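Structure record follows, encoded as structure tokens.
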Amino acid sequence: MNLYLAGPVIAALLAVVFALVKFATIMRQDAGTEQMQAISRKVQEGAAAFLKAEYRWLAVFVVVVAAAISFSSSENGLGPKTAIAFISGALASAVAGYFGMHTATRAAVRTTQAARTSMMAALGVSFSSGVVMGMSVVGLALLGVTAFTWIYSGGEFTNEVLNQVLGFSFGASSIALFARVGGGIFTKAADVGADLVGKVEAGIPED
């Protein structure tokens, strides 16, 4: 590997390791009472079901677009290499999204428990949850772009190589876009559902 690529690789790996350390720190926090943990498990199950359904449809999108890129004219920097980078970018984005959701749904109950003793402690847990997602995205993105630049360039960086490497960014951005839209719809549906249950079944009055 060229020396100018070593720095980004080290930085990317450090970001991923830092995210894992933060996740481990969050999981060591008190998860609250048994009732709180029971509610948290329901939230985790709902989030996992949403991601499973969303990723199933996104997999179809990735396969179709990758096929189109693969069979496109190589004059524009497309072709099989770009398609492979596109699929890898989509997978990296999906992994970051899953890890972020996995962390957030477990950090929520720990943030609630921490808030019972200190607002600063609650802020620390919730902020760490955001850090996990952020560092995962940055680390995997930088690692992917650097890896494909090294693999495809062969020591000579050309416009064709640039277009091929951009396939990784396109794949990652596509999944992130759909996940953002789908996640917004999911959270709004969950918010409305919880509001209706609270008012209709539990009889909780309006704010």
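Scanning region 150-207 for residues that are out of contact with any Phe, Trp or Tyr (no Cβ under 7 Å at 6 or more places or on another chain), at pLDDT 80 or above and not small (G, A, S) returns W150, I151, Y152, L162, N163, L166, I175, L177, F178. Could you list all residues from region 175-207 that are of a type in the set (A, V, I, L, M) and more than 21 Å from the chain's Cα centre (by Cα)? Passing the criteria: V192, A194, L196, V197, V200, A202, I204. Suppose the filter is at pLDDT below 90 and surrounded by 17 or more Cβ atoms within 10 Å (Cβ to Cβ); does L51 pass it? Judged against the criteria, L51 is a match. Would you please list the contacts, defined by Cβ atoms under 6 Å and residues six or more apart or on different chains, that run from a residue in region 48-69 that is farther than 20 Å from S169 by Cβ to a residue that is among the small types (G, A, S) and in a helix (DSSP H, G or I)? From residues that are farther than 20 Å from S169 by Cβ, the pairs are E54/G182. Of all residues in region 138-186, those being open to solvent by less than 70 Å² (accessible area, probe 1.4 Å) and within 27 Å of G100 (Cβ to Cβ) number 25. Scan region 69-91 for residues that are open to solvent by 20 Å² or more (accessible area, probe 1.4 Å) and at pLDDT 90 or above and the total you get is 4. Looking at G46, G32, just one residue is touching a Ser or Thr at 6+ places or on another chain (Cβ under 9 Å), open to solvent by less than 80 Å² (accessible area, probe 1.4 Å) and at positive phi, and that residue is G32. Listed conditions (1) of a type in the set (F, W, Y); (2) surrounded by 15 or more Cβ atoms within 10 Å (Cβ to Cβ); (3) more than 28 Å from D191 (Cα to Cα) are all met by F23, apart from (3).
Entry remark, region 107-124: residues being part of a helix (DSSP H, G or I), of a type outside the set (G, A, S) and either in contact with an Asp or Glu (Cβ under 7 Å, 6 or more places away or on another chain) or surrounded by fewer than 21 Cβ atoms within 10 Å (Cβ to Cβ) (or both) number 6 in total. Here the condition is being of a type in the set (F, W, Y), over 27 Å from V60 (Cα atoms) and assigned to a helix (DSSP H, G or I); of F168, F127, F178, F186, it holds for F127 alone.
The values are calculated or read from the model by the stated rules, or taken from the named source; none is laboratory data. Given the structure is predicted, the values throughout are model-derived calculations rather than measurements. Ideal geometry is used to build each Cβ from the backbone, glycine not excepted, and the neighbour counts take in all protein chains shown. For the accessible areas, the whole protein counts, side chains as well, though only heavy atoms, and no ligand, DNA or RNA atoms are used. Shrake-Rupley method; radii C 1.70, N 1.55, O 1.52, S 1.80 Å.
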